[in-house]
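Report on the structure given below.
FYI, it's all coordinate maths here, none of it is from the lab. Given the structure is predicted, the values throughout are model-derived calculations rather than measurements. Methodologically, a virtual Cβ is constructed for each residue, glycine included, from the backbone with ideal geometry; neighbour enumeration extends over all protein chains shown.
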Amino acid sequence: MIVVYSSNPDIGKDIRQSLSSHNIKSYSSYAIAERFMLSASLLIYALDEAEVQAENILSDMDTVPILFMRDIPDDEEGVQLLRNGARGYGNSVMSTPVLRQAVDIINSGNIWVYPRLMNRLISFIPVQRKTIGIQGLSSRETEISLLVSEGLSNQEVADKLGVAEITVKKILSGVYSKLKLKDRLGLALYVNKQSGGG
């Protein structure tokens with residue numbers, strides 16, 4: 001069962017509608033929601049402006065994956081929550097397809113964050129920028145992989161290399177397939193390992 005807590009009942013209602021195919025309970029009272037949180041398969045917690053108890057919730061709920069949401073997500077807060085064990089962080093009014101994707105990713109044991117925060121997290125991975133060849137990749141695929149591993153977005157890579165963003169996306173899709181990786185974070189970790197960083 002997915003448990004949703006938001007002090008704003010409209011957010012809880014929207015999340016419930018977006019995830020109607022799931023067994024989901026939504027609460028706007030923290031005292032009531034708290035009774036069901038430990039039995040949840042996933043807790044979706046919408047932080048309000050005055051919220052200060054997120055770290056307490058993480059320490060109390062260390063066996064339940066938590067997706068934190070905020071009306072206006074803050075990268076620093078997201079990084080801190082992830083460091084403390086959150087499984088996801090995003091906008092409390094994300095679209096239905098994005099919310100479903102986030103829930104599916106978290107339920108499969110992975111972490112979900114919005115693209116800008118993902119690029120920020122990738123930029124924290126130290127990359128030794130020596131010339132490396134990644135076995136099985138062309139020089140162009142390696143070049144794009146290195147830039148992505150530095151935290152650049154697809155558009156930034158495209159601008160830097162003077163190609164269309166769709167070209168970068170197609171090349172990355174091929175790279176993920178060749179290396180059996182799922183996403184940018186996996187690629188950044190792979191490149192870091194190949195370059196002797198881990």
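Taking other C-beta atoms within 10 Å as the exposure proxy, Glu76, Glu141 rank Glu76, Glu141 from fewest upward.
Loop-resident chymotrypsin sites (Phe, Trp or Tyr not before Pro) (DSSP state other than H, G, I, E or B) in the stretch 1-50 with no more than 12 further Cβ atoms inside 10 Å of their Cβ are absent.
Taking the structure as given and computing Cα extents along the principal axes in Å, which label from [x] 67, 40, 29; [y] 54, 34, 25; [z] 56, 30, 28 fits? So the structure-derived entry is [z].
When only Cα pairs below 8 angstrom with a gap of at least 6 residues are kept, the stretch 121-194 shows a relative contact order of 42 percent. Extension gain, Ser108-Asn8: 0.36 nm per intervening residue step, less the Cα-Cα distance, totals 33.2 nm. Each Cα pair under 8 Å and six or more residues apart adds its sequence gap; the mean of these over the residue count of the chain is a relative contact order of 15 percent.
Treating only the Cβ atoms of Lys and Arg (+1) and Asp and Glu (-1) as charged, compute the dipole magnitude of the chain about its Cα centre; round to the nearest 20 debye.
1020 debye
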